[in-house]
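What follows is a short report on a single structure.
The values are calculated or read from the model by the stated rules, or taken from the named source; none is laboratory data. Model, not experiment: these values are computed from the prediction. A quick note on method: Cβ atoms are made from the backbone with ideal geometry, for glycine too, and the neighbour counts reach across all protein chains shown. When the accessible area is computed, the model is the full protein with side chains, heavy atoms only, and any ligands, DNA or RNA have been set aside. Shrake-Rupley method; radii C 1.70, N 1.55, O 1.52, S 1.80 Å.
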Amino acid sequence: MPRSRRLPALVAAPLLAALLLVSGCSSSGSSSSGSSPGATSAANPASPSPTGSQEKVKLAKAKFVANAGLAAGATYQWLYKPYKAGKFKKGADGRKLALVKAGLAGAFTYNRLKAAINDAKGDPLLSKAVAPLTGGVEKLKQAAANIRNGSDPESGAGQFQGVIDSFKQAGQSAGATVTDQVPSTGQLTSGG
């Protein structure tokens, strides 16, 4: 094979592996299995295992940023924007569809934030924020129910945005800037 054709393949394979690792993809919809970040497990023997504690911290921080970014993107796209546009108000055009999407986004966001909390435990600075972040995420269960059943979707959207803001602040203080990453429809419907 000519050298010019081998080079893209040599570059593409590691990049693809890094993207899959950072995105926290797994078959269970959770980016962490309860073991230390990046540890090789019996369920996933091919997963890389960082050799030093610095690498483990970098990996934990990267996974936190990826999961919190997806949660922030879903919240903004399917909760905050429709709320600001008045789509959740009774009688609004497209309300039912907006509530269905918001319900899916709420469940997705909850799932990704729980994964981000697990990831934060692997970083010394982020781990200090775990307790306050956990309390905020647990309050989202009721907010998601309020959105899903249409009883108080405006308040629910506001609660989600407040929790997202606290994750962004925790990330910023630990040197892990969280930016919104809107998930695909497939990610949204599968939960991660």
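Annotations for the structure displayed:
- Residue within the range 71-93 that is open to solvent by less than 70 Å² (accessible area, probe 1.4 Å), more than 20 Å from Leu188 (Cα to Cα) and not aromatic (Phe, Trp, Tyr) present: yes
- Within the range 124-138, the set of residues being in contact (Cβ under 8 Å) with a residue 40 or more places away in the chain and either closer than 11 Å to Leu79 by Cα or within 18 Å of the chain's Cα centre (by Cα) (or both) comprises Leu126, Ala129.
- Taken together, the residues in the range 141-179 that are over 21 Å from Leu99 (Cα atoms) and not hydroxyl-bearing (Ser, Thr, Tyr) amount to 11.
- Looking across the range 46-65 at every residue that is of a type in the set (A, V, I, L, M, F, W, C) and open to solvent by 10 Å² or more (accessible area, probe 1.4 Å), the one that is modelled with the lowest pLDDT is identified as Ala46.
- Listed by first and then second residue, the pairs with beta-carbon distance under 7 Å, at least 6 apart or on different chains, first residue in the range 61-86 and within 17 Å of Pro153 (Cα to Cα), second open to solvent by less than 10 Å² (accessible area, probe 1.4 Å) and not in a helix (DSSP H, G or I), are Ala74/Pro183; Pro82/Phe88.
- With respect to (1) over 16 Å from Ile117 (Cβ atoms); (2) at pLDDT 90 or above; (3) assigned to a helix (DSSP H, G or I), the lone exception for Val163 is condition (1).
- Scanning the range 139-153 for residues that are open to solvent by 10 Å² or more (accessible area, probe 1.4 Å) and without any contact (Cβ under 8 Å) to a residue 40 or more places away in the chain returns Lys139, Lys141, Gln142, Ala145, Asn146, Asn149, Ser151, Asp152.
- Residue match in the range 3-15 (condition: open to solvent by 50 Å² or more (accessible area, probe 1.4 Å), at pLDDT 90 or above and not in a loop (DSSP other than H, G, I, E, B)): no
- Screening Ala170, Ala144, Ala157, Ala131 for residues that are in a helix (DSSP H, G or I) and modelled with pLDDT under 85 leaves exactly one candidate, Ala144.
- Single match in Ala107, Ala170, Ala157 (criterion: within 19 Å of the chain's Cα centre (by Cα), more than 24 Å from Lys58 (Cβ to Cβ) and crowded, with 22+ Cβ neighbours inside 10 Å): Ala157
- Any hit, the range 114-123, residues being open to solvent by 20 Å² or more (accessible area, probe 1.4 Å) and touching a Ser or Thr at 6+ places or on another chain (Cβ under 6 Å): yes
- Scanning the range 87-121 for residues that are of a type in the set (A, V, I, L, M, F, W, C) and in contact (Cβ under 8 Å) with a residue 24 or more places away in the chain yields Phe88, Leu99, Ala102, Leu104, Ala105, Ala107, Phe108, Leu113, Ala115, Ala116, Ala120.
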